[in-house]
Amino acid sequence: STMRERKTTDPPHSSTDLSEGKEKLRLKQEVGLISGVSLIAGTMIGSGIFMSPEWVLHHMGNPASSLLIWAACGLLAVFGALSYAELGTIIKESGGEYIYILRTFGSFPAFLFAYTSVILVRPAGLAAVCLSFAEYAVAPFYPGCSPPQVVVKCTAAACILLLTIINCLNVRLATSVMNVFTAAKLLALLVIVVGGLVLLAKGQTESFQNGFQGTTLGIGAVGVAFYQGLWSYDGWNNLNYVTEELKKPEVTLPRAVMIAIPLVTCLYLLVNVSYLAAMAPSELLSSGAVAVTWGDKVLGSWAWLISLSVALSTFGSSNGTFFSGGRVCYIAAREGHMPDILSMAHVRRLTPSPALMFTSMMSLIMIISGNFTSIVNFFSFIAWLFYGMTISGLLYLKIKKPELPRSYKVPIIIPIIVLIAAVYLVLAPIIDQPQIEILYIIPFIGSGVILYFPLVHFKCHPRFLQSITLHLQLFLEVAPTTRDAN
């Protein structure tokens, strides 16, 4: 991940003039168009498409309306990503929502986002994906019964530790892992799509007859169905977390978005059709692992291929989530909203290893305490709260500062649609079906307000923290990187 050369004055310990024979320590630009598409598609195609279809169908009540939800989720992800692409060409810094909120609305809301994202949201998302990886990875060893939770959680923890090592060693290694696993998961989805098309050609269309019968129209039910569907599309904004690491970001960012998300949307719709061709809706609803049930019915003795494919898919997705999630922590620390040690990079490997290690530690805590469905609902609510804030920042920049240079412009109606959807997704479940996970968020954000004023606004830092930072810096072989103050 690369930070571009700064035009600002940098701290004397982290930047020097090249003419003096010294170098600035900064991360490398390693992410091109193919890696960018892989980062988006590879993170999006994770556990969701293999686990969420039954929940979307459960909340919507029938196959046809559940397919509409999947299509609408894809369209919303495209609109959101195109809006973010414009933001990425105006504010050419890594950090995604965090940096956009900071540059548009200021320090306080940006700190609340960083605090919530780094401590809770990103680790929760990574924990959910790794838990689903573990479920599929250990399933072949426990035929006919559910694997023990302790085995699942230990496997998920091992997955996180392996990802930490890969991402701390080398950015190119992490992106290579993403490219390979993205290819593998696309192949797995194509197997499911082709299998479904064969079934349809044979006339297995019972699931689609009277498709809209029994549709659920409750505001909250539709909102929760969107949550489960959008979980499968989560990752559409991942490239904005590594803008500084992109080769030619003004070109790569919009192009990668326009290739990756429509591709994933088409695959998701075809995969859902394939599930429904192979299973009656009642079978799909009773399946704990939809893709595995599909494999048992369609592939017979080759069904193990699906379990293997899903494990590979979720591992690749968790790598993308980890790659971008560590960057949020790193950028927030660089801007003074997290401890200094988290803003440093390894002096030889040029990876933000302290931030990656911290994200890993928080994810391990989430794995011990969480389960998949509650994590998804919790993650989706708070994520769309901040997506809405970010999109409102774009609308502010389009209306109040149209003179800002940008190489890509999105029609203003698109961010307006995304903002309306974000408001709906935040309010609908609270109004119609309030859940206990959402209530936990209020005191957590309140604790962020309490911490902001002494630690960030008034900069009251205990002296022993400086000593701890110095010792950690020596132990981890890390140093401050150049800083952007655009």
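The values are calculated or read from the model by the stated rules, or taken from the named source; none is laboratory data. Since the model is a prediction, treat every value here as computed from it, not as a measurement. Glycine gets a Cβ as well: all are built from the backbone with ideal geometry, and neighbour counts include every protein chain shown. The protein model used for the area step is the full one, side chains on, heavy atoms only, and it has no ligands, DNA or RNA in it. Shrake-Rupley method; radii C 1.70, N 1.55, O 1.52, S 1.80 Å.
Data table
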read-out	value
Whole-percent carbon and sulfur share, accessible surface of the chain, 1.4 Å	68 percent
D234 accessible area, 1.4 Å probe, all protein chains in place, Å² to nearest 10	30 Å²
Estimated FRET transfer efficiency (L308, E477; beta-carbon r; R0 35 Å; 0.05)	0.40
Rel. contact order, % - alpha carbon contacts under 8 angstrom, at least six apart, region 282-397	13 percent
Of K185/K248; K153/K297; K92/K248; K248/K401, pairs whose Cα-Cα distance is over 19 Å	K185/K248; K153/K297; K248/K401
Förster radius 45 Å - calculated FRET efficiency between Q204 and S369, Cβ distance, rounded to 0.05	0.60
Relative contact order of the chain, defined on C-alpha pairs under 8 angstrom at six or more residues apart (%)	33 percent
Probe 1.4 Å - accessible area at I165, Å² to nearest ten	100 Å²
On Cα atoms only, tilt of 249-278 relative to the major axis of the chain in degrees	20 degrees
Helix-only CD estimate at 222 nm, as mean residue ellipticity for the chain, using -39500 (n - 2.57) per DSSP H run (n ≥ 4)	-22500 deg cm²/dmol
Cα→Cβ-extended label distance, 7 Å offset, between M258 and F453, nm	4.9 nm
Dipole in debye (nearest 20) - the chain, about Cα centre, beta carbon charges: Lys, Arg +1; Asp, Glu -1	1020 debye
Surface accessible to a 1.4 Å probe, per residue, for the residues of the chain, Å²	41 Å²
Cα-based helix-to-principal-axis angle, 372-400 vs the chain, degrees rounded to 10	60 degrees
Length released on extending from S176 to Q466, taking residue separation times 0.36 nm less the Cα-Cα span	100.7 nm
Region 211-252 and region 172-188: distance between their alpha carbon centers, rounded to Å	21 Å
Share of alpha-carbon pairs per 10 Å distance bin for region 33-478, given as whole %	4, 21, 32, 27, 12, 3, 1, 0
Between helix 63-90 and the chain: long-axis angle, C-alpha atoms, 0 to 90°, nearest 10	20 degrees
Peptides 170-182, 107-119 ordered by average Cβ neighbours within 10 Å, highest first	107-119, 170-182
Theoretical FRET efficiency, 1/(1+(r/R0)^6), r = Cβ-Cβ of A280 and I412, R0 45 Å, to 0.05	0.50
V151 versus K248: modelled label distance in nm, points set 7 Å from Cα along the beta carbon direction	5.1 nm
